[in-house]
Amino acid sequence: MRWEGNRESSNVEDRRAGGGGGGGFGIGGGAIGIGTIVVALIGGAVLGVNPLTILGILTGGDGAQVQQQQGPAPAPPANDQAARFVSTVLADTEDVWTQLFKQGGATYNPPKLVLFRGAVRTACGAGQAAMGPFYCPADRKVYIDLSFYETMKNRMGAPGDFAQAYVIAHEVAHHVQNELGISEQAERARSQMSQTQGNQVSVRIELQADCYAGVWAHHAQNSRNILEQGDVEEAMNAAQKIGDDALQANAGRAVVPESFTHGTSAQRQRWFATGLKTGSVQACDTFKARSL
């Protein structure tokens with residue numbers, strides 16, 4: 001992926017140094033709802049964790065310490081290559097979505113991206129690195145522990161810088177959904193459904209985020225020629241590795257479609273490819289799609 005030399009975003013907060021001070025508060029394992037299924041089955045190796053369905057139930061105490069934020073977080077150091085990569089990809093999503101919103105007669109308000117280690121306090125509750133990257137709609141921030149990229153490469157078999165960029169683009173896509181009011185509508189619908197029905201709504205949310213990630217890649221490629229040979233294959237491989245069916249099977253568990261919250265490998269690949277091919281937000285309407 002061609003990224004070096006491109007603009008870096010100023011919307012990055014570096015909380016990796018920790019904030020000690022007053023200590024932390026515990027992250028428990030609430031034994032209800034969709035979060036238990038996801039955490040238990042895939043051990044946190046999931047992209048696009050939805051805080052409304054997972055972080056909101058993480059209360060109690062198991063002794064994990066959460067970083068305390070003492071005043072504004074600084075920007076990452078200039079010589080931090082991994083942080084520079086994340087900042088550059090975030091800037092690219094800002095450029096793409098600002099333009100697309102403008103074309104639709106709206107204003108895009110980009111999210112902040114928070115780098116942390118281990119655990120972190122968010123407006124959605126306590127977040128853990130083991131949950132993978134996630135977006136918190138309450139504070140409009142994307143959270144990522146960069147060690148997740150090592151997990152992708154070494155444990156999930158999903159290496160490559162464009163696979164890493166796909167992770168960020170997927171989380172930013174949840175912010176786009178929040179900006180468009182999609183997240184609120186979906187959560188309102190879920191609150192009136194059974195868990196199985198609610199899971200089906202969550203799948204459509206996640207697949208739409210995959211599609212939006214593809215939309216970003218489409219326009220970034222057209223504008224800045226970011227793709228190198230093998231990049232698309234990296235993203236498609238990552239999408240395959242994080243399908244609910246693949247994660248459950250690789251964990252040695254029975255594949256239970258009713259418990260899916262992100263979609264199958266084939267579905268995740270299909271919707272990312274749809275966004276990448278069309279570059280159309282309208283083409284990503286998973287809620288109207290008869291077949292996922």
### Task
Answer yes or no as to whether Gln248 is at pLDDT 95 or above and either at negative phi or not in a helix (DSSP H, G or I) (or both).
no
### Message
So in the range 249-263, with the set limited to residues that are surrounded by fewer than 20 Cβ atoms within 10 Å (Cβ to Cβ) and among the polar types (S, T, N, Q), which one is nearest to Ser183 (Cα to Cα)?
### Response
Ser259
### Query
What about Gly160, is it under 28 Å from Phe101 (Cβ atoms) and touching a helix residue (DSSP H, G or I) at 6+ places or on another chain (Cβ under 8 Å)?
no
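Within the range 251-292, how many residues are of a type in the set (Ser, Thr, Tyr) and part of a loop (DSSP other than H, G, I, E, B)? Lay out the reasoning, then the answer.
Initially, the range 251-292 is screened for residues of a type in the set (Ser, Thr, Tyr), giving 259, 261, 264-265, 274, 278, 280, 286, 291.
From what's left, part of a loop (DSSP other than H, G, I, E, B): 261, 264, 280, 286, 291.
Here the count works out to 5.
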### Query
Is there a residue in the range 76-86 that is in contact with a helix residue (DSSP H, G or I) (Cβ under 9 Å, 6 or more places away or on another chain), among the β-branched types (Val, Ile, Thr) and either modelled with pLDDT under 95 or part of a loop (DSSP other than H, G, I, E, B) (or both)?
no
### Summary
Thr286 fails exactly one of (1) surrounded by 14 or more Cβ atoms within 10 Å (Cβ to Cβ); (2) among the hydroxyl-bearing types (Ser, Thr, Tyr); (3) without any contact (Cβ under 8 Å) to a residue 12 or more places away in the chain, namely (3)
#### Entry: Residue list for the range 179-237, filter: under 24 Å from Pro257 (Cα atoms), polar (S, T, N, Q) and in a helix (DSSP H, G or I)
Ser183, Gln185, Gln195, Thr196, Gln197, Asn199, Gln200, Ser202, Gln208, Asn237
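The values are calculated or read from the model by the stated rules, or taken from the named source; none is laboratory data. What you are looking at is a predicted structure, and each value in this text was computed from that prediction instead of being measured. Counting neighbours? That spans all protein chains shown, and the Cβs are built from the backbone with ideal geometry, glycine included.
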